[in-house]
Amino acid sequence: MIVDVIVIGGGASGLAAAISVKKRNKQVLLIERENELGGILNQCIHNGFGLEVFKEEYTGPEYAYKFIEEFNDLKIDYLLNTTVIKLVKNGDEFVVTISSTAQGLKEIKAKAVIISSGCYERTRGQIAMPGERPRGVITAGSAQRYLNINGYMVGKKAFILGSGDIGLIMARRMHLEGAEVLGVAEIMPYSNGLNRNIVQCLNDFDIPLYLSHTVTNVESDDSKRLKAITIQQVDERFNPISGTEKRFEVDTLLLSIGLIPDITLLDDLSVEVDQKTKSSKINQAYETSVPGLFICGNSLQVHDLVDNVSKESSRAGNCTADFLENKFKPRKKINIIPGKNILYVAPQYLDFGWDFTDLIISFRSSKKLEKAIAKVYQGDNLVYQKRRTFVVPAEMETISFPYQELNDSQDIRVELEEL
Amino acid sequence: MYDYIIIGAGVVGSAIARELSLYQAKTLVLEKENDVANVQSLANSAIVHSGHNPEPNSLKARLSVWGNKLYEEMEKELDIPLLRTGAYVVAHNAEEERQLEELTELARINQVPEFKILSFEEALKDEPNLSKTVTKVLSLPTTKVTYPWEVAFAAMENALINGVEFIKNALVTGIKKEFDYFVVTVNNHIEYQCRYLINSAGVASDDIAGLIEKNVPFHITGRKGEYFVIDKRAKGFVNHILYPLPTELGKGVLITPQYHGEILLGPNSELVEDKYLPTTSFAGLAYVKEHAAMLADNIPFNQIIRSFAGIRSTADYDDFYIKESLEVKGLFHLGGIDSPGLTACFAIAKYLVNEVMNVDNIYQLNPDFNPYRKKRVMFHKLSDVEKQVLIKEEPMYGNIICKCEKITEKEILEAMRGPLGSNTIKGIKKRTRAGAGLCQGGYCEEKIVKMISKEFNLSPMDIAYDKENTKLFTQETKVLKK
Amino acid sequence: MAKEFICIVCPRGCHVSVDDLGKITGNQCKRGETYVINEMTNPKRVLTTTVKTIFPEVPRASVKTKEAIPKGLIYQAMALINQVVIEKEMHIGEVIIPNILNTGVDVVLTKEIRRKEER
């Protein structure tokens, strides 16, 4: 037996992708390792989801439920409590090895695969934070799951490193559940979270935000439980400035220092990886360098808005259906290159074998720009431009324009021109 | 009344416990931590050295060459993991090549097997990422890598099934000698008695000695080593252990492939004031990166998943100090067991028992001694066919709890059970590697909490990371306060 | 002197300013204006939190105030919500506390409460 599409991961991305493929009358099997669909949305109990997709504001679980209902109405096949442990390609077929208590170890074949496996949190180890290694230093997302799903508080007195949205939202949650939150430190001179979260999670509760600060020492008590942390201001090159030390006695340090696409499943396939997004490179159809292997959501690029995840994954699902309908004739491809003030772009390739009307490019700026123009060049030729205000690295930008005018012999460059 | 009390359950204390269980003697092991292998044995390079660099005729030289050989036996008896990497000691220029020749001479005198000098080109064949600045290499094929936590678990588990007793969270706070026996006070209020006392307290060994001796014959200073761990996805980046030339500070910053596929960079070597305080620093970790880069090109620094520090217990005595106390008869010290302590641990145990304590003159052999330990299933290392067979017998092998290291529900259950079962997050991580991978437990810890809670009928509020006071949670939400 | 606000109505987070004459600029939609006026007169927030349930598979369920409530009532609202225990299976959107603190706003479930089946 061979299924048309296997979708790996049943969060916001996988649900939207599976729904759009199913609507094109393809056979879909979605695999989820947790015991329910919805992914991380289930622990994001705050509101702010859905304004773009539903024109209404929902909490994470509500937003997930909208998609789960549609998913169930379409009678899409899925497996819960099931982990994909291996993904390989034999000729034109993908072989997905799953493992679960119910099914044991089993191989399932598919004509196409959509990776929607989300991302994981950067940990203390990845930033080489100095000091001891006590209990009490924990990623914000893990603490969020403990708090919102299980009802366990990880501490009574907390400090937060990193101003990513999860960190800000956890500052408010812990405060409202009775913990004392002493502050948030951010190594960059600007916040990495959305503005609204600075206002309603920190300012509302007088929680101080220390910009250009980082944690430079971690102390533990005799039993190796966190006792105190020290933060320090950093210079432009992120070196701590002596004399700026502030010590906080806390039992918890939450880390909100970044999310990294989880593409460990692609290890056995030789996909081309973008060092900037830390995920697979794709063409405009969300297809990786392995034909028939698609990727979307936070496993492609870390999003700040779930609405964009849904929209993107829905497009990826449609492209997967196109692939199954042989609408794709491999042709020449050109690079899409991040230019001035751009951190990364996705897609990284434009493949002329896909028949589309519009080219949609997501990108992040490499610095804060109050007013800017996003410009797309092919060679010296300006092919698209649009004004943007308050462009910050924390917020993903998307542009969309027709590309019939583009030629297949020169690369495309995306730039942000500061005004 | 015990015949022997061993203070400290690192790799050395555990190996001694196992060696003593060969005899009809009653042995108790006291450990201040909540698990075996929790201080010096917890954080080190995991290398079984060939014995190439200790001073000839020293105990370190003899016991490391011997210890290295014993690992081959222990692999069979105790199912101790071994990764036969071999090692390259590298030279970069004429002066270093001269030092490399001196080192080769030491290896010859210490009777290290199979060593040989390789040209850069020869070495490059097996190590494509060897630094292009290297000119010559001393190859040491018997150098290998083990898994230090498993060494301690294996030795202690085997000791326990052969009759040894083990108490954790037992800090020795007093030692007295009454006539011909010792009274050892634990946690200030519990007393145990024994005929012979073995001080294998590692970093604390001088403090333990100080509880009964006026003039402690050695003094321990902490020498801190900082490390980076590179994710196992970089496996194969180097295949041998790469050493620089040794200096008076030790063996230097190494690149060491690990048994489970990660790659270790480090350690630096820094004397510290507080020997109980393993901290990392910006400067120390920068030093590690800089020096590792002298051994290999293209180090995948972007795949670092963890940094940590370990403390080596260096004595002001030039060798391992393995002797009976000069002041108190029946008290035996194992002082200054720094590197190559892990290499030598099984040889240290045999040397202590047979040549220092002469146990065979005192006690009969234990006729029921079982040298074998039940194999631990490492599910992800099995072939698909073997996996299928096991899952059929036990469906819980199908449930992946730690997705990074692919550790199954059944393996975690096993880690909670058995003679050395653990009910802490760290204990389970040490036994199974759940939480040791890319996400560092961010995903699986919650699932393990639930499993511990169920297995031990513990409220999640009472589950600890490691020691008693390291409870994971402070309270439940929405629980009305009285 | 002009007052600066960051609009929190949607994730866009417009920088809105109000000058001495009460003129509002910088908002990209009408809701931004309403937000700023409210923020100056009676700031309100939607409160999202959890309630306890008796089901071990779903120990906590998420809830929200259906509309924003005055900012000053947030702690009192938390205290009330913390006393609720859900004892039956319930649907998303069902009211947990009607008209909390006489605000006219209901607290509703944002999660289905179902015992989980193995699949």
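The values are calculated or read from the model by the stated rules, or taken from the named source; none is laboratory data. It should be emphasised that the depicted structure is a prediction, and the values quoted were computed from it without experimental measurement. Glycine also receives a Cβ, built like all others from the backbone with ideal geometry; neighbour counts cover every protein chain displayed.
Things to note:
- Meets criteria (away from chain A (no Cβ under 14 Å), β-branched (Val, Ile, Thr) and assigned to a helix (DSSP H, G or I)) for B:THR314: no
- The one condition in (1) in contact (Cβ under 8 Å) with a residue 12 or more places away in the chain; (2) closer than 23 Å to A:ALA140 by Cβ; (3) not in a loop (DSSP other than H, G, I, E, B) that B:GLU446 fails to fulfil: (1)
- Region A:268-283 - residue that is among the charged types (D, E, K, R) and more than 13 Å from chain B (Cβ to nearest Cβ) and, of those, surrounded by the most Cβ atoms within 10 Å (Cβ to Cβ): A:LYS281
- Flag for A:ASN25 being surrounded by fewer than 24 Cβ atoms within 10 Å (Cβ to Cβ), within 14 Å of chain C (Cβ to nearest Cβ) and more than 27 Å from A:ILE169 (Cβ to Cβ): no
- Test: B:ASN53 is in contact with an Asp or Glu (Cβ under 8 Å, 6 or more places away or on another chain) and not in a helix (DSSP H, G or I): no
- Taken together, A:GLY131, A:GLY50, A:GLY39, A:GLY60 contain a single residue that is within 25 Å of A:SER256 (Cβ to Cβ) and assigned by TED's automatic domain parsing to the domain that holds A:LEU176, which is A:GLY131.
- Of the set (1) touching a residue at least 60 places away in the same chain (Cβ under 8 Å); (2) more than 14 Å from chain B (Cβ to nearest Cβ); (3) within 24 Å of A:CYS44 (Cβ to Cβ), all apply to A:GLU70 but (1).
This table checks each residue for (1) in the same structural domain as B:ILE47 (by TED's automatic domain parsing); (2) in contact with a Lys or Arg (Cβ under 9 Å, 6 or more places away or on another chain); (3) among the hydroxyl-bearing types (Ser, Thr, Tyr); (4) at pLDDT 95 or above.
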{"residue": "B:ALA344", "(1), (2), (3), (4)": "yes, yes, no, yes"}
{"residue": "B:ILE348", "(1), (2), (3), (4)": "yes, no, no, yes"}
{"residue": "B:VAL356", "(1), (2), (3), (4)": "yes, yes, no, yes"}
{"residue": "B:ASN366", "(1), (2), (3), (4)": "yes, no, no, yes"}
{"residue": "B:ILE428", "(1), (2), (3), (4)": "no, no, no, yes"}
{"residue": "B:CYS439", "(1), (2), (3), (4)": "no, yes, no, no"}
{"residue": "B:TYR443", "(1), (2), (3), (4)": "no, yes, yes, no"}
{"residue": "B:MET451", "(1), (2), (3), (4)": "no, no, no, yes"}
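- Among the residues of region B:378-418, those identified as closer than 28 Å to B:ASN162 by Cα and touching a Phe, Trp or Tyr at 6+ places or on another chain (Cβ under 8 Å) are B:PHE379, B:LYS410, B:GLU411, B:MET416.
- Those strands (runs of 3 or more DSSP E) of region C:25-119 in which 1 or more residues are crowded, with 21+ Cβ neighbours inside 10 Å and within 11 Å of chain A (Cβ to nearest Cβ) occupy C:48-53, C:60-65, C:107-109.
- Residue check for C:THR53: farther than 28 Å from A:GLU52 by Cβ, touching a residue at least 12 places away in the same chain (Cβ under 8 Å) and over 18 Å from the mean Cα position of the chain (by Cα): yes
- Checking each residue of region A:139-146 against the condition of being modelled with pLDDT under 95 and surrounded by fewer than 23 Cβ atoms within 10 Å (Cβ to Cβ) gives no match.
- Checked against the criterion of being within 26 Å of B:LEU138 (Cα to Cα) and touching a strand residue (DSSP E or B) at 6+ places or on another chain (Cβ under 9 Å), the candidates B:SER50, B:SER21 yield just one match: B:SER50.
- Leading residue by the ranking (farthest from the other protein chains (Cβ to nearest Cβ)) among those in region A:104-138 that are basic (Lys, Arg) and more than 19 Å from A:ALA158 (Cα to Cα): A:LYS111
- Residue match in region B:430-451 (condition: more than 13 Å from chain A (Cβ to nearest Cβ), of a type outside the set (Gly, Ala, Ser), more than 18 Å from A:THR252 (Cβ to Cβ) and in contact with a Ser or Thr (Cβ under 7 Å, 6 or more places away or on another chain)): yes
- Residue count for region B:370-390, restricted to those that are under 25 Å from B:ALA155 (Cβ atoms) and either assigned to a helix (DSSP H, G or I) or small (Gly, Ala, Ser) (or both): 3
- Residue within region A:206-219 that is outside the structural domain of A:PRO393 (by TED's automatic domain parsing), in contact with a helix residue (DSSP H, G or I) (Cβ under 6 Å, 6 or more places away or on another chain) and of a type in the set (Val, Ile, Thr) present: yes
- Helices (runs of 4 or more DSSP H) fully within region B:93-177 that include at least 1 residues being without any contact (Cβ under 8 Å) to a residue 12 or more places away in the chain: B:94-109, B:120-126.
- Scanning region A:238-267 for residues that are of a type in the set (Ser, Thr, Tyr) and not in a strand (DSSP E or B), we see that the one that is surrounded by the fewest Cβ atoms within 10 Å (Cβ to Cβ) is A:SER242.
- Among (1) crowded, with 22+ Cβ neighbours inside 10 Å; (2) within 18 Å of the chain's Cα centre (by Cα) - the single one B:ARG376 does not satisfy: (1)
- Counted residues, region B:229-243 - those being outside any strand (DSSP E or B) and either in contact with a strand residue (DSSP E or B) (Cβ under 9 Å, 6 or more places away or on another chain) or modelled with pLDDT of 95 or more (or both): 9
- Test set (1) closer than 18 Å to A:LYS281 by Cα; (2) surrounded by 17 or more Cβ atoms within 10 Å (Cβ to Cβ); (3) small (Gly, Ala, Ser) - A:GLY353 fails condition number: (2)
- Lone qualifier among B:GLU157, B:GLU165 - being buried (at least 18 other Cβ atoms within 10 Å of the Cβ) and among the acidic types (Asp, Glu): B:GLU157
- If you go through region B:452-476 and pick out every residue that is more than 8 Å from every other protein chain (Cβ to nearest Cβ) and either among the hydroxyl-bearing types (Ser, Thr, Tyr) or in a helix (DSSP H, G or I) (or both), you end up with 7.
- Among all residues of region B:400-418, there is none that is under 21 Å from B:GLU75 (Cα atoms), among the basic types (Lys, Arg) and not assigned by TED's automatic domain parsing to the domain that holds B:GLU19.
- Under the condition of being in a loop (DSSP other than H, G, I, E, B) and either crowded, with 20+ Cβ neighbours inside 10 Å or not assigned by TED's automatic domain parsing to the domain that holds A:GLU287 (or both), the residues counted in region A:86-119 number 3.
- The residue that is nearest to the other protein chains (Cβ to nearest Cβ), counting only those in region A:147-183 that are surrounded by fewer than 24 Cβ atoms within 10 Å (Cβ to Cβ), part of a strand (DSSP E or B) and in contact (Cβ under 8 Å) with a residue 40 or more places away in the chain, is A:LYS157.
- Restricting B:LYS471, B:LYS467, B:LYS429 to those that are more than 20 Å from B:VAL151 (Cβ to Cβ) and under 24 Å from the mean Cα position of the chain (by Cα) reduces the list to B:LYS467.
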